[in-house]
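Inspection log for the structure reproduced underneath, given as structure tokens.
The values are calculated or read from the model by the stated rules, or taken from the named source; none is laboratory data. Predicted, not measured: the structure shown is a model, and the values here were computed from it. Cβ atoms come from the backbone with ideal geometry, glycine included; neighbour counts cover every protein chain shown.
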Amino acid sequence: MCGIIGYVGNEECAPILLEGLRRLEYRGYDSAGVAVHDGTQLNVRRAAGKLTALGDSLARSPVHGTTGIGHTRWATHGKPAERNAHPHVSGDIAVVHNGIIENHVELKHALRAKGREFLSDTDTEIVAHLVDIETTAGATLFEAVRATLKQLRGAYAIAVISKRDAHTLVLAKNASPLVLGVGDGVMLAASDVPALLAHSRDVIFLEDGELAEITREGARIETLAGAKVERAPVRITWSLMQAERGGYKHFMLKEIHEQPRAIEDTLRGRVSWEDASLEPAEMGISAADVAGIRRVVFLACGTSFHAALHGRYLLEGLARVPAVAELASEFRYRDPVIGAGDLVVAVSQSGETADTLAAAKEAKERGARILAVVNVQGSAIARMAHGTLYTHAGPEIGVASTKCFTAQLAALTMLAIHLGRCRDTLSADRAGALLREFVQIPNKMRTVLETAKHVETVARSILHTRDALFLGRGLSSAVALEGALKLKEISYVHAEGYAGGEMKHGPLALVDRDMPVVCLLPTDSTLEKMLSNVQEVRARDGNVIAVVDDETVAKDLATHTLRIPPTLEPFTPLLSIVPLQLLSYYVADLRGTDVDQPRNLAKTVTVE
Ligand code: M6R
């Protein structure tokens, strides 16, 4: 996730671009840059670090002009550094980009063969080269961008400026957001509405597969195939603060709704949408690495630990390799037996969690190989690991992890399928069936999100509870732990997650008519056993809330059901966690807690 902005008008645009980027900084903040046309040439300024670094650079050495583009980056390809900051330039062309170009490796090879040299590690720089090739051959900027887009596979929102035209920008969108702002003698473009609101409340949302040319006079929009698009602007009535959260009341709710996109971005370039095959080069673990693995040890804390439990189940199941999941905060304090032959998978959203970092370092010193599964590029855990499998969930602002959790589940599921194939414990047929279902998951998640209103009603029914239990077996046991953690951290309701089979060993004593018991009952290999556990709860008058993919399963047992679509067992957690996140969110919001910044907690825990 990155933020892009463009301006064509009559005012000095560098301050406008900077202000717009400030409104987009939630989308990425590891480096930033602008390209401004001064009537004669393009002036590019870029800086690593937060936006203030770019602001300082522009204050020292201003750029002037009334047409420009800007970018705030959330690294996906190439670590956060000035040379990887956007805009990327080739000849007369400068480009900013949000998204991932899936076929960038092959395009880069082809461009190198034509003598093109690259100054960054990004996938974006190829776009600048491709457009430059077209314009040098005589195409207009609009047609050059169109010809370039036809060569790209993947997700993009791009803004392009040329030295040859001081009053035009060309924009294009596919699977990454882009919106135009219409003003009086002014046109803007941005990744999100808040960046435009100071200049325009009339906006045009571009659709996938469309490109636009903007000048002071207005916008020309066409599809990639060349059909003209007439779309009237819509008037935005949100306040600036509402707009920053995309109209959602809290970042957490926005991030819950961003999950389908986070999963798509995490799969992008690694799982082919066309033929549902794995593209292992992007996975950060080679066949040679796999050959030496004796055991896999997951290290993580909090929500990431719950994702690690999912990874452990799947790795054992699909790749038949012994796997354990350890709380990183405990691992170092028991003189662990670990070393050569162990693959340590350090799972962390921030990549900075002190306990996970220290535990992974200790394992590395003892000879283990370290694979990081992290969301933040260039973070400490990514830097110390031998390899990194990034989740591409984009920045997560709410303290309660939601989209990063499901992106971790997706990354670890890919890893398990990959290892299963490498070790030949998973047949090509079964892997194919899994991958075909995998690419359906984002849309299935969307259907779960459509049930949010119903989940809110269920939340209202348990609003005043003091305690809650979450039960699941097999893969759903990690979901139960995560559901309980979500509820307690944002609503301050005491909640416990249990493996269903453990109920009779103690927690059953807690159950009475006042106790909500959230039961995960997808149609999977543990369903029968889970149903016996639910009967035990019902026999004590427990208030059962069932997560089901088949309504008939919980008939006569549950007070409320939360519905998810059926899927293959390894993917159930990706769907069943969504209603639990929503349930926690609504309970917390209805109780009036500070949802995005719950008391006593921090987003990144850098103390041991
Ligand atoms: O950045 P990490 O994933 O390493 O963070 C680990 C935990 O601190 C984190 O998951 C925490 O439990 C969240 N607040 C859960 O929502």
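Counting only residues that are assigned to a strand (DSSP E or B), in contact (Cβ under 8 Å) with a residue 40 or more places away in the chain and among the polar types (S, T, N, Q), segment 4-54 holds 1 of them. For segment 408-417, name all the residues that are under 15 Å from VAL376 (Cα atoms) and either out of contact with any strand residue (DSSP E or B) (no Cβ under 9 Å at 6 or more places or on another chain) or within 11 Å of the ligand (Cβ to nearest atom) (or both). Hit for segment 408-417 is GLN408, nothing else. Name the strands (runs of 3 or more DSSP E) wholly within segment 290-384 that hold at least 3 residues that are in contact (Cβ under 8 Å) with a residue 24 or more places away in the chain, under 24 Å from the mean Cα position of the chain (by Cα) and not assigned by TED's automatic domain parsing to the domain that holds ALA85? In segment 290-384, 295-300, 342-348, 369-374 are the strands (runs of 3 or more DSSP E) which contain 3 or more residues that are in contact (Cβ under 8 Å) with a residue 24 or more places away in the chain, under 24 Å from the mean Cα position of the chain (by Cα) and not assigned by TED's automatic domain parsing to the domain that holds ALA85. The set of residues in segment 553-585 that are closer than 20 Å to GLU456 by Cβ, in a helix (DSSP H, G or I) and at pLDDT 95 or above comprises LEU575, SER576, ILE577, VAL578, PRO579, LEU580, GLN581, LEU582, LEU583, SER584, TYR585. Residues considered: LEU211, LEU224. Of these, the only one that is under 29 Å from the mean Cα position of the chain (by Cα), touching a residue at least 60 places away in the same chain (Cβ under 8 Å) and either under 28 Å from SER584 (Cβ atoms) or buried (at least 20 other Cβ atoms within 10 Å of the Cβ) (or both) is LEU211. Among the conditions (1) within 13 Å of the ligand (Cβ to nearest atom); (2) out of contact with any strand residue (DSSP E or B) (no Cβ under 8 Å at 6 or more places or on another chain), GLY378 misses just one, which is (1). Only a single item in (1) more than 25 Å from ILE490 (Cα to Cα); (2) β-branched (Val, Ile, Thr); (3) in contact with a helix residue (DSSP H, G or I) (Cβ under 6 Å, 6 or more places away or on another chain) is not met by VAL337, and it is number (3). Among the residues of segment 307-335, those that are touching a strand residue (DSSP E or B) at 6+ places or on another chain (Cβ under 8 Å) and within 12 Å of the ligand (Cβ to nearest atom) comprise ALA307, ALA308, LEU327, ALA328. Within the option set ILE338, ILE293, being closer than 19 Å to ILE417 by Cα and more than 16 Å from the ligand (Cβ to nearest atom) holds for one residue only, ILE293. The helices (runs of 4 or more DSSP H) falling completely within segment 393-470 that include 3 or more residues that are among the polar types (S, T, N, Q) map to 403-422. Residue count for segment 249-279 under the criterion of being under 30 Å from LYS364 (Cα atoms) and either surrounded by fewer than 18 Cβ atoms within 10 Å (Cβ to Cβ) or without any contact (Cβ under 8 Å) to a residue 40 or more places away in the chain (or both): the result is 1.
Within segment 504-541, the set of residues being farther than 14 Å from THR559 by Cβ, among the hydrophobic types (A, V, I, L, M, F, W, C), surrounded by fewer than 21 Cβ atoms within 10 Å (Cβ to Cβ) and touching a residue at least 12 places away in the same chain (Cβ under 8 Å) comprises LEU508, LEU510, LEU527, LEU531.
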